[in-house]
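A.B. asks: First, the structure itself, so that you have it in front of you.
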Amino acid sequence: MPGIVKIGMTTRENPQVRMNELYTTGVPLPFECAIAVKVEDERADELEKVLHKAFSPNRLNPSREFFEIELSQVEAIMRTWSDEDVTPQVNKETENLPPEDRAAATEYKRTRRPNLNFVEMGVPIGSKLTSAITEEEATVISPRTVLFRGKEMSLTKATTKVREGKDPGPPTRHWEFDGRSLGEIYRETYGARIVE
């Protein structure tokens, strides 16, 4: 799920076992391990709580461990808590997935829509985006986030708020920059093959 990170811990020696358990019929593709570190048992619970608290404003559902954040944010904290990065060993275990699951994940990565990046799209930090629905403004404050209704969030989250909780689909279709559809700018930046 692009732009969404699951932050969790396991007491299992092999974290891939836990990842395989999470890969059920309700999940379209296998989870990919972005970073895994080994932490002493007594500190592991504390680290998970620190991460969940640090990113609580970006938590998608209070009863789930999914966050709309950049991987680099999580990695920075996790690396300060451990000297032992076990990511390569965990990812080596994905070789045990059924070939069709590995192929689906590879194909998805090859063809999926690129993550929206305002700077790449020529929308400078500080720019104002206007909602095509409510005419409210959002201010671009980083390559991937806006300030909307006084809070930093992704454009997807801002669009969901504008649409009163309804699934926004691609958020770029609901916003304008300098009188142009953000969807049009997105397609110009990332290619005409993108369907809005």
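A.B. asks: Assess whether A44 counts as being under 28 Å from L116 (Cα atoms) and not acidic (D, E). Give the derivation first.
C.D. replies: Numbers: under 28 Å from L116 (Cα atoms): no; not acidic (D, E): yes.
No: the conditions fail for A44.
A.B. asks: Of the conditions (1) assigned to a helix (DSSP H, G or I); (2) at pLDDT 85 or above; (3) open to solvent by less than 80 Å² (accessible area, probe 1.4 Å), G126 satisfies every one except a single condition; which number is it?
C.D. replies: It is condition (1) that G126 fails.
A.B. asks: Separate question: Scan region 18-71 for residues that are of a type in the set (A, V, I, L, M) and under 18 Å from the mean Cα position of the chain (by Cα) and jot them down. Before you say what the answer is, go through the steps one by one.
C.D. replies: Step one: of region 18-71, the residues of a type in the set (A, V, I, L, M) are 19, 22, 27, 29, 34-37, 39, 44, 47, 50-51, 54, 60, 69, 71.
Correct list: M19, L22, V27, L29, A34, I35, A36, L51, A54, L60, I69, L71.
A.B. asks: Quick check: anything in region 134-148 part of a helix (DSSP H, G or I), under 19 Å from the mean Cα position of the chain (by Cα) and surrounded by 15 or more Cβ atoms within 10 Å (Cβ to Cβ)?
C.D. replies: No, the conditions are met nowhere in region 134-148.
A.B. asks: Determine which single condition E120 fails, assuming it passes every other condition in (1) open to solvent by 70 Å² or more (accessible area, probe 1.4 Å); (2) touching a strand residue (DSSP E or B) at 6+ places or on another chain (Cβ under 9 Å); (3) modelled with pLDDT of 90 or more.
C.D. replies: (2)
A.B. asks: Now a separate question. In region 1-82, which helices (runs of 4 or more DSSP H) lie fully inside it and hold 1 or more residues that are within 19 Å of T94 (Cβ to Cβ) and open to solvent by 60 Å² or more (accessible area, probe 1.4 Å)?
C.D. replies: On the way: elements: 15-22, 41-54, 71-81.
It comes to 15-22, 71-81.
A.B. asks: Just give me the residues in region 18-46 being among the aliphatic types (A, V, I, L, M), touching a helix residue (DSSP H, G or I) at 6+ places or on another chain (Cβ under 8 Å), modelled with pLDDT under 85 and within 23 Å of E84 (Cβ to Cβ), in sequence order.
C.D. replies: M19, A34 - these are the residues of region 18-46 that are among the aliphatic types (A, V, I, L, M), touching a helix residue (DSSP H, G or I) at 6+ places or on another chain (Cβ under 8 Å), modelled with pLDDT under 85 and within 23 Å of E84 (Cβ to Cβ).
A.B. asks: Looking only at region 85-94, decide whether some residue is hydroxyl-bearing (S, T, Y) and open to solvent by 50 Å² or more (accessible area, probe 1.4 Å). Outline the logic, then answer.
C.D. replies: Start the filter on region 85-94 by keeping residues that are hydroxyl-bearing (S, T, Y), which leaves 87, 94.
Adding the requirement that they be open to solvent by 50 Å² or more (accessible area, probe 1.4 Å) leaves none.
Within region 85-94 (the criterion being hydroxyl-bearing (S, T, Y) and open to solvent by 50 Å² or more (accessible area, probe 1.4 Å)), the answer is no, since none of the residues qualifies.
The values are calculated or read from the model by the stated rules, or taken from the named source; none is laboratory data. Computed from a predicted model, the values in this text were never measured in an experiment. Heads up, the Cβs are rebuilt from the backbone with ideal geometry, glycines too, and the neighbour counts pull from every protein chain shown. Remember, those area values only see protein heavy atoms, side chains included, never the ligands or the DNA or RNA. Shrake-Rupley method; radii C 1.70, N 1.55, O 1.52, S 1.80 Å.
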